[in-house]
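Trainee: My structure is below; once you've seen it, I'll send some questions.
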Amino acid sequence: MSNVSAKRRVVITGVGAISPYGAGAKLLADNMLAKKSSVKFNAELAGNPDILSHVSSTVPEIDFSYIPRHFRRSMSKMSLFAYAAIKEAVNSAGYETVPEKTSLFLGSTISSMDTWVNFVDKFSKNELNTVKTTVVFQVMNHSPLANVAQAFDIKGPGFGTCCACATGLVNTGLAYLAVASGFSDRALCGGTDEYHPIMTGCFSIMNAASSGFNNNPEKASRPFDKNRDGIVCSEGCGMFFLESLESALKRNVKIYGEIIGFGTNTETKSISHPSTECISECMNIALNSAGLKPSDIDFVNAHATSTLAGDVEESKAIASVFGSDILVNSLKGHIGHTMAASGSLELMAMLDMMERNKIAATLNLDNIDPECSGVRHLTENQDLKINTIMKNSFALGGTNCSLIVKRYE
């Protein structure tokens, strides 16, 4: 992996986001530094006696009518999110349209659950004759990739990689390798997901969805906190535009950060729980890829979803690699777990905060769990200049991913 990354330096020159704060990448850091939570009470969840968690974090109403209707017809919400995020990323990279020879790396956790539920309802009622032909293009595994490729006329290679909660960061890492190796001249990459109550239901079945703060939703997502009781399901899309440093300098465009290391591996001890050993190995792979020592990393933006087991294992892994002095935060206290979009959205927020030299603390971390106390948790926003960060994403099913990004100067 280090041999591949050494061929061409790769930088991020475009960012685009749809998040529970709304449309726009800048909204992420703005709201996180303002300590604003997007988590709200969900009446539909409360109406289901089998689901104990009654909180979620969803994208506010956005007018997508600017997307041509003949493209919009085959898009579910996750594809609409991706279209908007790609448009912003491309524009922020200095392009009006997606340039030729751009590769696309985009995936989701699952396809549109809302579309599937409606389709199954029609099927069970023998009403398939009322189903529109465009439905199939909303339920394909690579639905977002296919839809935005059509809408933006992206003819380059397309990779619909899906690995649950690690999707956004894995796709960013794969795009980095593609550009670094010369396989791609430039790439759009990230993850997208749309919320459905079934998502919370799935985590509720596993006793991994927050239910103790239904009457105080903004406090429900609390990574590393002693009183955390599970994740808050969310939605959104985060997209990056990557290109070689040489290309970015020629175009004289803003550089948000330089990707210098990528590591990924698969947990095989458990399909549902990450282990300290496997997470540690993943972070070490990223360090080796970048040719760095642990002491070269200034900050770790953790995956930390607010689950009992996951936060402990990640804390211990970070401490085992970096020692007890490393600064750590998680941004899921602010927006919940945006699933496939989490890695790209959270990294995007961190890059903005790095530029401002202001870093958001982990929201709702009121009492650090003693089992998570082996690192330096950021419990208050800080004016802080950091140059090199590691971003972690770990997925149900065992996919681990760590990406290292540094400030470009």
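Trainee: Quick one: 3J(HN,Hα) in Hz for region 385-391, Karplus 6.51/-1.76/1.60 with θ = phi - 60°, rounded, Gly and Pro as x.
Mentor: Couplings: 9, 10, 10, 9, 10, 10, 10 Hz.
Trainee: If I take the Cα coordinates of the chain and project them onto the principal axes, what are the three extents in Å, biggest first?
Mentor: If we take the Cα atoms of the chain, the spans are 62, 51, 39 Å.
Trainee: Within straight cross-link reach of K36, meaning Cα distance under 18 Å, which lysines are found once same-chain residues fewer than 8 apart are removed?
Mentor: The reachable lysines, counting only those whose Cα sits under 18 Å from K36, are K26, K219, K332, K358.
Trainee: Sticking with this one: S373 to N129: extension gain in nm, 0.36 nm per residue of separation minus the Cα-Cα distance?
Mentor: So the extension gain works out to 82.0 nm.
Trainee: I need the shape label for region 108-181. Rule: rounded when a/c is under 1.5, else prolate if a/b > b/c, else oblate, with a, b, c from the alpha carbon gyration tensor.
Mentor: Oblate, since a/c reaches 1.5 and b/c is not below a/b.
Trainee: What number of lysine-lysine pairs in region 45-161 show an alpha-carbon separation below 27 angstrom, given a sequence spacing of 8 or more or placement on distinct chains?
Mentor: Taking the Cα cut-off of 27 Å, the pair count is 11.
Trainee: Then there is this: Assuming a ≥ b ≥ c are the square roots of the Cα gyration tensor eigenvalues, decide whether region 216-260 counts as rounded (a/c under 1.5), prolate (otherwise, with a/b larger than b/c) or oblate.
Mentor: prolate
Trainee: Rounded to whole Å, give me the distance from the Cα center of region 261-312 to that of region 1-65.
Mentor: 21 Å
Trainee: Here is a further query. So how much slack lies between R69 and V120, counting 0.36 nm per residue of separation and subtracting their Cα-Cα distance, in nm?
Mentor: 15.9 nm
Trainee: Please give the calculated 222 nm ellipticity per residue for the chain, where each DSSP H segment of at least 4 residues contributes -39500 (n - 2.57) and the sum is spread over every residue; nearest 500 deg cm²/dmol?
Mentor: For the chain, the value works out to -10000 deg cm²/dmol.
Trainee: Measure out, as a whole number of angstrom, how far apart the alpha-carbon centroids of region 340-409 and region 227-248 sit.
Mentor: With region 340-409 and region 227-248 each reduced to a Cα centre, they are spaced 11 Å.
Trainee: I want the antiparallel fraction of DSSP beta bridges within region 11-406, as a percent rounded to 5.
Mentor: Taking every DSSP beta bridge within region 11-406, about 65 percent pair in antiparallel fashion.
Trainee: Can you give me the relative contact order of region 11-406 as a percent, contacts being Cα pairs under 8 Å and 6 or more apart? Please list the in-between numbers first.
Mentor: Numbers: 1015 pairs, mean separation 93.5, N = 396.
Across region 11-406, relative contact order equals 24 percent.
Trainee: Tell me, what ³J(HN,Hα) does each residue in region 352-367 have, in order and in whole Hz, if you take phi through Karplus 6.51 cos²θ - 1.76 cosθ + 1.60 with θ = phi - 60° and put x for Gly and Pro?
Mentor: Whole-Hz 3J(HN,Hα) from phi for region 352-367: 5, 5, 4, 5, 7, 6, 9, 10, 6, 6, 5, 6, 6, 8, 8, 9.
Trainee: For region 21-36, just list the computed ³J(HN,Hα) in residue order, Karplus coefficients 6.51, -1.76 and 1.60, θ = phi - 60°, integers in Hz, with x standing in for Gly and Pro.
Mentor: 3J(HN,Hα) across region 21-36, in whole Hz: 8, x, 8, x, 5, 5, 4, 4, 5, 3, 6, 5, 5, 7, 6, 9.
Trainee: On to the next question. Over the Cα atoms of region 53-206, what Rg and Dmax result, in angstrom?
Mentor: Taking only Cα atoms of region 53-206, I get Rg and Dmax of 16.5, 52 Å.
Trainee: Can you work out the FRET efficiency for the pair F41 and L249, with r the C-beta to C-beta distance and R0 = 51 Å, to the nearest 0.05?
Mentor: With a Förster radius of 51 Å, E is 0.55.
Read-outs throughout are calculated quantities, based only on the coordinates presented, and are distinct from any laboratory measurement. Worth saying up front: this structure is predicted, and the values here are computed from it rather than measured. Cβ: placed from backbone, ideal geometry, glycine included. Neighbour counts: every protein chain shown.
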